[in-house]
Amino acid sequence: MLLFKYLEKHSLVAWKPLLEPYENYTAGWGRKESFFKAQALAEKKGLKALCLEDGFIRSLGLGKQGFAALSLVADITGIYFDASQSSDLEQLILQAEKEELNLRAVSAIQTILSQKITKYNQKFQIIDPVKFDQKTKHVLVIDQTFGDQSIKYAGATPETFKRMLAQACVDHPEATIWVKTHPDVLAGKAESHFQAHDFASANIQVLTEAYNPIELLEYMSDVYVVSSQLGFEALLCAKKVHCFGVPWYAGWGLTQDHHAPLHVLNGRRMQNRSLQHLFACAYLQYARYVNPVTGQRCELEEVLDLLIPNIQFQQGLAQSYVAYGFSPWKKKFIAAYFAFPQLKLKFQRYFKPHKNHHILAWGKKAKLLKESGYKQVTTVEDGFIRSVGLGAKLIRPCSLVFDNVGIYYDATQPSRMEQLLLNVNLSAEQIDRAQYLRQLLIDLNISKYNVGTAKSLTRPPHPRVLLVVGQVEDDMSIQLGGMGIKTNLGLLKQVRENHPDSYIIYKPHPDVQAGLRIGKIPEPDMLQYADQVELDTSILECFEICDEVHTMTSLSGFEALVRGLKVYCYGLPFYAGWGLTQDMYLSQRRSRHITLDDLLYVTLVEYPTYNLANIKVSGIPLVRPEDVIGYIKKQLNQKVSYNDRYKRILLALYNILKKIG
């Protein structure tokens, strides 16, 4: 079968652009029947055959659970696990080492080990250190799925596994020998090479738990493998690796090959190479990567950057959630944010869930549940770089926050954001990222909703221009973060009273101005206290002509801080009380001063989550703030489509009928 037909048949269409140079090759998978058919067809037609396989950092979940590959190898010489012949990977390793690639390898290895990234990155069970008593030596024996192609082509047989286990017991009579099964076996998708009677010795223990391989390796001194990729991960963790087959990383002076059938190599390899070189050849050159956001080819580092927020968020999740009270349109995107391996999400709109369930609920509903004695409630709210358009107009959010402590706008109690800010201690790399994100928001004119006309305003001929930002008056951020003043008119009056000689511009909230929420100030009152009212102009354009921003609790205050403006807070929004704003009120809990970089990093990177509608097919639920900023900028640059105009007309009709009814 020709390559493109093969990709279409096996749901690998995303890889077409990346494999275009091989368009006229036949293609098959690994050493399965499809490859031998492709090889035969290539010989018959005078073509070349391409062998495809998963890369070494593949996905969040298992392929057999439907998670698409982020990494693929395409080999025209052989395939990396077939030791009976050379492969493109082997040819790369035989080349001279390159310092630039080795330096990249060192950095990528550090990221992989610190974030515990492996081939499959589903949520793993937590290891109890007591289980691996450090007074005892621990040795790991790696099982593989029965029938795994790599076993035969590494010169091994099913019996090799039993011989390997016996040898580990002989080599380490005083150690605990742990036998680790493959994730597919744990998931019930494949068979093991061992039976219960193989574990009769008292020092043999079976690991049935789904532990993170990198974390597990920390407790081991030696690792025994046939052809498993986990053997190479053990090398990355500086463990002694004993090979009983000939995997791609054997025969280069890094592994213990006394029991490996090196004769299958027919004299190939047998040259010493560094670990960094092997990594660079396999992970940086041989494997190919696709960015699930752009669909374009990318480097390993970009895939790692995308996996990290998913792995970190996933680690804090329970196994199952009841999503309570969500409307049908919210139901769709909530499910997309929680599309993690093996996570169960049940929607329950009207009937209250049991108190022992882990519950997701939107703002006000979450608060009511907590007040009713529910303890395991995670509050859901919009994030800070949300969309192009308002939530009240049913525009899907690109960012949400999930807070299992409180919620960021509730100043009456702690929140996860407040805890993060109290403990923030950024590395140099994180400071650079915060500053990069800040510049990106400024340069691309990105805000929370990205609404309003982007027209330049002329600064009034006045030495001191103040911007007063209106809000939705029944919004929870005012109810729980407002202190004294809780109305737009009250705020406008107070600012005029405090600054009688200043030029005041009033900017109403877009939802309020659109008649969707309460808080509209009658026009005579607006003009009594404000010198100028900006209804349609983007808030970002207003920032350009102002010296200060005055707000109760609006996110606009944060956006103004990002752009270097002085911000006065008449309530306690999440960004107040840290030494960055002029505050009318203080919180005793917010007991330290932080930098703007600290605030930016927590607000844009650590606290919120990001998801794009077209990302769900990739098996990567969450993306980075940089991806969402790029997506929003692309939307802003596009003309309004016919479908979007149609949706707006329907929504307008819906609102009219709602008022009549």
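The values are calculated or read from the model by the stated rules, or taken from the named source; none is laboratory data. Treat the numbers as computed from the prediction; the structure is a model and nothing was measured. Using ideal geometry, Cβ is built from the backbone for each residue, glycine included, and neighbour counts are taken over all protein chains shown. Accessible surface areas use protein heavy atoms only, side chains included; no ligands, DNA or RNA. Shrake-Rupley method; radii C 1.70, N 1.55, O 1.52, S 1.80 Å.
Numbers for the structure displayed
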| quantity | calculated |
| --- | --- |
| Some residue of the range 372-394 being more than 28 Å from residue 507 (Cα to Cα), among the aliphatic types (A, V, I, L, M) and out of contact with any Ser or Thr (no Cβ under 9 Å at 6 or more places or on another chain) | yes |
| Any chance residue 452 is more than 25 Å from residue 523 (Cβ to Cβ) and either at pLDDT below 90 or open to solvent by less than 50 Å² (accessible area, probe 1.4 Å) (or both) | no |
| Filtered residues of the range 156-178 (kept if in contact (Cβ under 8 Å) with a residue 40 or more places away in the chain, surrounded by fewer than 19 Cβ atoms within 10 Å (Cβ to Cβ) and closer than 14 Å to residue 243 by Cα) | 163, 167, 171 |
| Yes/no for residue 190 being open to solvent by less than 40 Å² (accessible area, probe 1.4 Å), under 21 Å from residue 162 (Cα atoms) and part of a loop (DSSP other than H, G, I, E, B) | yes |
| Given (1) exposed (fewer than 15 other Cβ atoms within 10 Å of the Cβ); (2) farther than 26 Å from residue 635 by Cα, number of the condition residue 394 does not satisfy | (2) |
| Residue within the range 412-433 that is modelled with pLDDT of 95 or more and under 28 Å from residue 536 (Cα atoms) present | no |
| Among (1) among the aliphatic types (A, V, I, L, M); (2) more than 34 Å from the chain's Cα centre (by Cα); (3) closer than 16 Å to residue 150 by Cα - the single one residue 38 does not satisfy | (3) |
| Where a residue in the range 1-20 is of a type outside the set (Phe, Trp, Tyr) and its partner, wherever it lies, is part of a helix (DSSP H, G or I) and open to solvent by 70 Å² or more (accessible area, probe 1.4 Å), with Cβ under 6 Å and at least six apart | 7/13 |
| Looking only at the range 292-326, and only at residues there that are part of a loop (DSSP other than H, G, I, E, B) and small (Gly, Ala, Ser), the one that is surrounded by the most Cβ atoms within 10 Å (Cβ to Cβ) | 325 |
| Segments classed as helices (runs of 4 or more DSSP H), wholly inside the range 358-464, with at least 1 members that are closer than 16 Å to residue 599 by Cβ and of a type in the set (A, V, I, L, M, F, W, C) | 416-423, 428-444 |
| Where residue 385 falls short, out of the listed (1) modelled with pLDDT under 95; (2) over 10 Å from residue 608 (Cα atoms); (3) open to solvent by less than 10 Å² (accessible area, probe 1.4 Å); (4) touching a helix residue (DSSP H, G or I) at 6+ places or on another chain (Cβ under 7 Å) | (2) |
| Residues of the range 302-354 classified as of a type in the set (Gly, Ala, Ser), more than 22 Å from residue 65 (Cα to Cα) and either modelled with pLDDT of 95 or more or touching a Ser or Thr at 6+ places or on another chain (Cβ under 6 Å) (or both), total | 2 |
| Count of residues meeting criterion [open to solvent by 10 Å² or more (accessible area, probe 1.4 Å) and over 17 Å from residue 61 (Cβ atoms)] in the range 327-340 | 6 |
| Every residue from the range 357-377 that is surrounded by fewer than 19 Cβ atoms within 10 Å (Cβ to Cβ) and over 28 Å from the mean Cα position of the chain (by Cα) | 368, 370, 371, 372, 373 |
| Hits in the range 338-373 - residues which are more than 26 Å from residue 474 (Cβ to Cβ), touching a Phe, Trp or Tyr at 6+ places or on another chain (Cβ under 9 Å) and in contact (Cβ under 8 Å) with a residue 60 or more places away in the chain | 338, 340, 341, 343 |
| The one condition in (1) more than 20 Å from residue 556 (Cα to Cα); (2) at pLDDT below 95 that residue 501 fails to fulfil | (2) |
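Okay, residues lined up against (1) in contact (Cβ under 8 Å) with a residue 12 or more places away in the chain; (2) part of a loop (DSSP other than H, G, I, E, B); (3) buried (at least 19 other Cβ atoms within 10 Å of the Cβ); (4) out of contact with any His (no Cβ under 9 Å at 6 or more places or on another chain):
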{"position": "233", "(1), (2), (3), (4)": "yes, no, yes, yes"}
{"position": "238", "(1), (2), (3), (4)": "no, yes, no, yes"}
{"position": "241", "(1), (2), (3), (4)": "yes, no, yes, yes"}
{"position": "259", "(1), (2), (3), (4)": "yes, yes, no, no"}
{"position": "268", "(1), (2), (3), (4)": "yes, yes, no, yes"}
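A quick yes/no check of all residues on (1) hydrophobic (A, V, I, L, M, F, W, C); (2) in contact with a strand residue (DSSP E or B) (Cβ under 7 Å, 6 or more places away or on another chain); (3) on the phi < 0 side of the Ramachandran plot:
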{"site": "9", "(1), (2), (3)": "no, no, yes"}
{"site": "12", "(1), (2), (3)": "yes, no, yes"}
{"site": "15", "(1), (2), (3)": "yes, yes, yes"}
{"site": "28", "(1), (2), (3)": "no, yes, yes"}
{"site": "42", "(1), (2), (3)": "yes, yes, yes"}
{"site": "55", "(1), (2), (3)": "no, yes, yes"}
{"site": "67", "(1), (2), (3)": "yes, yes, yes"}
{"site": "93", "(1), (2), (3)": "yes, no, yes"}
